[in-house]
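What follows is a set of notes on a single structure, which appears directly below.
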Amino acid sequence: MVWSKRLTWTELHLVIVLILLLMHILSVLNLVLSPTYRYVKKHYLPLNQFYRKVFLSPGLIYHFMARLPPTTNKQHLNVSTLKVQNLSVNIEDKSILNDFSLEIPSGEVHAIMGPNGSGKSTLSKALAAHPSYEVLGGTAELDGKDLIGLEPDEISRAGLFLAFQYPIEVPGVTIANFIRAAIQARMEDSKAFKAVDYYKDLYKKMDELGIDRKFTARALNDGFSGGEKKRCEILQMAMLDPRFCILDETDSGLDIDALRVVSEGVNSMRSENRGFLVITHYQRLLDYIVPDKVHVMWEGKIVRSGDKELAKELESKGYDWIKEELAA
């Protein structure tokens, strides 16, 4: 006799308790078990609904079972929002961002484009608490928690990931050890870390990104080509599984093949639970990572927003027409 689902230990314990109680309740002695089992197999009822249908007559048992949490196969979505309001940032006493505001809900990819010096990379580094950038005012909230004033590791634990435009080299620290340390730092109990599962997941993601498994023993970005560094950034992002990802000109220095592979890695992480901010100069990246919204940044502010067609317009016309509109 086979159940339609495997019982957990908790459910098995409850079944045993109920059977013992049933032995002392005359009203349930008339229950014929075999037809009941066939009914459950036929209709594939969740186990708690089975309890309620079968034991409805003895009120005490039904009252007890009604307090069990409902059985469901639906996953609760962890919907997040990155909300930047009136952010002003200086570097070396020079104003870069001026009352910058932007809101990105999870499940969406937003792209920021703009000429050199417009403040695109300043935004990403300010959000990640780079020490060279001075925040003069404004907020940057992730699920209501202001990231401004936090240390970089606190921002990372809050769920924000920044893929660098120019990843730094870290001699002496292997890729495998670097990512492992980052993952363990996020665990409530680092002793629960399982090396076998970690390397299985790591190798799987390396294969997807076209990274040779031998790279796990190489020092982080040490002697890497531009494409290898960018793939390594996406590998870290995939392993850390952040809620929000900022890609700061990830396409710079990539050939077509590397751009396609990196984009596929990013697209594989798109979900209703995660948001992306893609900073780029060129529309070609947005052919692979298709954005929900495109924003034009000019002198530290968003001056125009639209869909992916706006990126194509910028590619064909440049930024002069934006400048003319602002001057009008």
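The values are calculated or read from the model by the stated rules, or taken from the named source; none is laboratory data. Remember, predicted model here, so these are calculated numbers, not experimental data. Every residue, glycine as well, gets a Cβ built from its backbone with ideal geometry; the counts of neighbours run over all protein chains shown.
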Practice task
Scan GLY172, GLY210, GLY223 and give me the residue that is on the phi > 0 side of the Ramachandran plot and modelled with pLDDT under 90.
Solution key: GLY210
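Counting just the residues of the range 265-280 that are among the aliphatic types (A, V, I, L, M) and outside any helix (DSSP H, G or I), which one comes out farthest from GLY159 (Cα to Cα)? Please lay out each step first, then the result.
Of all residues in the range 265-280, those among the aliphatic types (A, V, I, L, M) come to 266, 269, 277-279.
Okay, now just the ones that are also outside any helix (DSSP H, G or I), so 269, 277-279.
Working: MET269: 14, LEU277: 14, VAL278: 16, ILE279: 19 Å.
Across the range 265-280, the extreme among qualifying residues is ILE279.
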Completion exercise
Exactly one of PRO152, PRO115 is over 17 Å from the mean Cα position of the chain (by Cα), farther than 30 Å from LYS317 by Cβ and not hydroxyl-bearing (Ser, Thr, Tyr), and that one is PRO152
Completion exercise
When the range 228-264 is checked residue by residue, the ones that are assigned to a helix (DSSP H, G or I), small (Gly, Ala, Ser) and at pLDDT below 90 are ALA258
Exercise for the section: With the condition kept exactly as written, say whether any residue in the range 211-228 is touching a helix residue (DSSP H, G or I) at 6+ places or on another chain (Cβ under 6 Å), touching a residue at least 60 places away in the same chain (Cβ under 8 Å) and assigned by TED's automatic domain parsing to the domain that holds GLN165. Expected result: no
Handout entry: Qualifying position, being loosely packed, with under 13 Cβ neighbours inside 10 Å and in contact with a strand residue (DSSP E or B) (Cβ under 9 Å, 6 or more places away or on another chain), among PRO167, PRO171
Key = PRO171
Practice task
Any residue in the range 166-190 that's closer than 19 Å to GLY227 by Cβ and touching a residue at least 60 places away in the same chain (Cβ under 8 Å): show its pairings with residues that are surrounded by 12 or more Cβ atoms within 10 Å (Cβ to Cβ) and charged (D, E, K, R) at Cβ separation under 8 Å, as long as the two are six or more apart or on different chains.
Solution key: PRO167/LYS229; PRO167/LYS230; PRO167/GLU233; ILE175/ARG218
Handout entry: Cross-chain or 6+ apart pairs with Cβ under 6 Å, the range 142-160 first and crowded, with 17+ Cβ neighbours inside 10 Å, then in a helix (DSSP H, G or I)
Key = LEU142/ALA158; LEU147/ILE155
Exercise for the section: Return the total of residues in the range 105-118 being modelled with pLDDT of 95 or more and out of contact with any Pro (no Cβ under 9 Å at 6 or more places or on another chain). Expected result: 2
Exercise for the section: Filter the range 186-207 for residues that are exposed (fewer than 12 other Cβ atoms within 10 Å of the Cβ) and hydrophobic (A, V, I, L, M, F, W, C) and give the result. Expected result: MET187, ALA192, ALA195, VAL196
Practice task
Test ASP241 against the criterion of being among the acidic types (Asp, Glu) and crowded, with 20+ Cβ neighbours inside 10 Å, and give yes or no.
Solution key: no
Handout entry: Failed item, numbered, when SER316 is tested on (1) of a type in the set (Gly, Ala, Ser); (2) buried (at least 19 other Cβ atoms within 10 Å of the Cβ); (3) in a helix (DSSP H, G or I)
Key = (2)
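Look at the range 187-227 and say how many of its residues are of a type in the set (A, V, I, L, M), part of a helix (DSSP H, G or I) and farther than 15 Å from VAL261 by Cβ.
Of all residues in the range 187-227, those of a type in the set (A, V, I, L, M) come to 187, 192, 195-196, 202, 206, 209, 211, 217, 219-220.
Next cut, part of a helix (DSSP H, G or I) only: 192, 195-196, 202, 206, 217.
Narrowing the set further to residues that are farther than 15 Å from VAL261 by Cβ leaves 192, 195-196, 202, 217.
Going through the range 187-227 one residue at a time, the tally reaches 5.
Condition check ((1) hydroxyl-bearing (Ser, Thr, Tyr); (2) touching a Lys or Arg at 6+ places or on another chain (Cβ under 9 Å); (3) touching a residue at least 24 places away in the same chain (Cβ under 8 Å)) across all residues:
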site	(1), (2), (3)
MET237	no, no, yes
ARG243	no, yes, yes
ASP248	no, yes, yes
GLY253	no, yes, yes
VAL262	no, yes, yes
SER271	yes, no, yes
LEU285	no, no, yes
HIS295	no, yes, yes
TRP298	no, yes, yes
Problem - PHE100, sole failed condition from (1) in a loop (DSSP other than H, G, I, E, B); (2) among the aromatic types (Phe, Trp, Tyr); (3) surrounded by 21 or more Cβ atoms within 10 Å (Cβ to Cβ) - result: (1)
